[in-house]
Amino acid sequence: MALCQHYGVPTHGLDITLSDDVAAWFAVNRFDKEASSTRCQYLPMRRSDWDRSPDKWPCVLACQTVTTSLRGSLFDCEELSALGIKARRPAAQRARFFLGGHTDHQNRLAEAVVCIFRLAPGEYPTQARFEDLFPAPEQDPAYRFMLDLAGSGPFASQFGPLVNRFH
C-alpha cells in the first residue's frame, strides 16, 4: 500500500514527511490532475489562490509520537527494497506511510498532533524542488515499475488510470 500511495493510487493511508521543508512545499503547491488523462502536476500557489476564509488556508501539522500507539500505524518505505524495488520518491520526500482511516488506526495520527501552522497568503520559499521530490521514471525504479504495471498486464484497465503521471 505504501508503494501505491506514494505513486498516486488511492489507499486508506496518508503520506507524511519527516521534513518541515517538504511539508511546507506540499502545503503551498496545489495538486492538479487533468480531467481527461492521468497527467498531473503541482502548481505554486499565488496569493489569488488562497481562499478568503482563513479556515481554508493551507496547514502544516507538527506531530510528535509521545506514546507507542502509533507504532503499528507508521511504516517506512524501505520495505520495498526487499522486493527488489528501489523507491526514490519516498526517500526524496523523507516520507513515511501512515496506515489510517479505518479500524484500529482511525484517528491515531490526531493523537500525535502538537501544533498546527496555518499559512497566511504569501510566499513560502523552501529548499524543496519538484524535480527532487518527484524523480523521473529513469531515476526512480519504483515509478518506472508503477508506470509499466499501469500500462500493460491484466490489471492495466483498472489500475492504469489511477497511477499519477508527472513526467
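The values are calculated or read from the model by the stated rules, or taken from the named source; none is laboratory data. Here the structure is a predicted model, which means the values were calculated and not measured. Heads up, the Cβs are rebuilt from the backbone with ideal geometry, glycines too, and the neighbour counts pull from every protein chain shown.
Within region 12-28, the set of residues being surrounded by fewer than 16 Cβ atoms within 10 Å (Cβ to Cβ) and free of Cβ contacts under 8 Å to residues at least 60 places away in the same chain comprises ASP20 only. Scanning region 1-56 for residues that are of a type in the set (Ser, Thr, Tyr) and over 29 Å from LEU74 (Cα atoms) turns up SER36, SER37, SER48, SER53.
For a quick check of your reading: which helices (runs of 4 or more DSSP H) sit entirely within region 83-158 and have at least 1 residues that are β-branched (Val, Ile, Thr), at pLDDT 90 or above and farther than 14 Å from VAL22 by Cβ? Quick ask: steps written out before the conclusion?
Values: elements: 88-92, 130-133, 141-151.
Answer list for region 83-158: none.
Considering only region 38-61, state which residues are assigned to a loop (DSSP other than H, G, I, E, B) and either under 17 Å from PHE130 (Cα atoms) or in contact with a helix residue (DSSP H, G or I) (Cβ under 7 Å, 6 or more places away or on another chain) (or both). Result: THR38, MET45, ARG46, PRO58. Candidates are the residues of region 29-50 that are among the aromatic types (Phe, Trp, Tyr) and surrounded by 15 or more Cβ atoms within 10 Å (Cβ to Cβ); the one that is nearest to the chain's Cα centre (by Cα) is TYR42. Output the number of residues of region 11-28 satisfying the condition of being over 11 Å from the mean Cα position of the chain (by Cα) and of a type outside the set (A, V, I, L, M). Of the residues in that region, 6 qualify. Within region 1-37, the residues that satisfy the criterion of being outside any strand (DSSP E or B) and in contact with a helix residue (DSSP H, G or I) (Cβ under 6 Å, 6 or more places away or on another chain) are LEU3, HIS6, TYR7, VAL9, THR11. Of the residues making up region 22-39, those that are hydrophobic (A, V, I, L, M, F, W, C) and modelled with pLDDT of 90 or more are VAL22, ALA23, ALA24, TRP25, PHE26, ALA27, VAL28, PHE31. Which of the residues belonging to region 148-167 are at negative phi and either within 17 Å of the chain's Cα centre (by Cα) or among the small types (Gly, Ala, Ser) (or both)? Within region 148-167, ALA150, GLY151, SER152, ALA156, SER157, GLY160, LEU162, VAL163, ASN164, ARG165, PHE166, HIS167 qualify.
Take region 105-145 and flag every residue that is closer than 18 Å to LYS56 by Cα and surrounded by fewer than 13 Cβ atoms within 10 Å (Cβ to Cβ). Within region 105-145, CYS115, ILE116, ARG118, ALA120, GLY122, GLU123 meet the criteria.
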